[in-house]
């Protein structure tokens, strides 16, 4: 009997062990199957979900949801103005080296000055007394002596007015080139005209829009005017409307001056008596030549000294009106 019990007990233990082994194998197989399913799901997700970088991009042909193409950026043209504060340092205080560096030349007699004209149809070839239109003041010639440009006190007035105009023009977005920055300079007109060109490179095309010469008058009188161009200018490359453009520019500026300052108009605002000026004969771009007040008139001088900022603003606004009106 005991023997039988032992046999039954052994059989039961064996059956339990077999059941345990089957259960362990089942658990292992189930775990492997779950891993396979997870791997298959991940692969399917990678194939169906768009890349993060392109998930929001519309499919080709879906024009309804596509963003409009960016407009090409338009380059803004730089608007350059040349301001020329007339006169400057007295020629008697300039050394020969300083005169040469400031653009003044010597003629065959050894005198210092500059030639009034270019050769007809040319730029940057001085006439040297021949091959030009010959237009000059009475008893004058193609040669302009350096001392003829000396003025006591005027240079300081001109520089103040030009600096005020520069500040307002820059606020308007213009680029301004000054032909001189201090009262210790006195460039020749020929040298000043180099400011019409990029980096003063006269082999390039001029890139300035206009050249505005800021002066004050003397010799009896009162008020402000522009000096008008005449005819016969034959430097190479100027516009067919060179004369009309320069006179229009001067008128715009002077109208602003007599409107916005205490200065009246001299000679109805336009003085036609000096069409032979060097600047008119040598500039490649329109010239506004301003004679603002009479510095030898005490009333005008007081206005020039107390209203320099308003004069500068009027110059800038007149230039801006001209540029706008001509679509420059």
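Quote to one decimal, in nm, the extra length available between residue 138 and residue 120 on full extension: 0.36 nm per residue of separation minus the C-alpha distance between them. Spell out each step's value before the answer.
Numbers: separation 18, 0.36 × 18 = 6.48 nm, distance 2.07 nm.
Full-extension gain reported as 4.4 nm.
Please give the FRET efficiency for residue 78 paired with residue 265, using the beta carbon to beta carbon distance and R0 = 35 Å, rounded to the nearest 0.05.
It comes out at approximately 0.60.
Go ahead and collect, in residue order, the members of the stretch 93-110 whose backbone nitrogen is under 18 Å from a label point 7 Å along the Cα-Cβ direction of residue 128.
Only 104-110 pass the distance filter.
Suppose R0 equals 25 Å. What FRET efficiency, 1/(1 + (r/R0)^6) with r the Cβ-Cβ distance, do residue 203 and residue 309 give to the nearest 0.05?
Efficiency at R0 = 25 Å is approximately 0.05.
Enter the Cα centre distance for the pair the stretch 140-176 and the stretch 224-248, rounded to the nearest angstrom.
19 Å
R0 = 22 Å: FRET efficiency of residue 274 with residue 147, Cβ-based, nearest 0.05?
Computed FRET efficiency for residue 274 and residue 147 comes out at 0.75.
All of the numbers you see were taken from the coordinates with simple rules; none came from a lab. Computed from a predicted model, the values in this text were never measured in an experiment. Cβ: placed from backbone, ideal geometry, glycine included. Neighbour counts: every protein chain shown.
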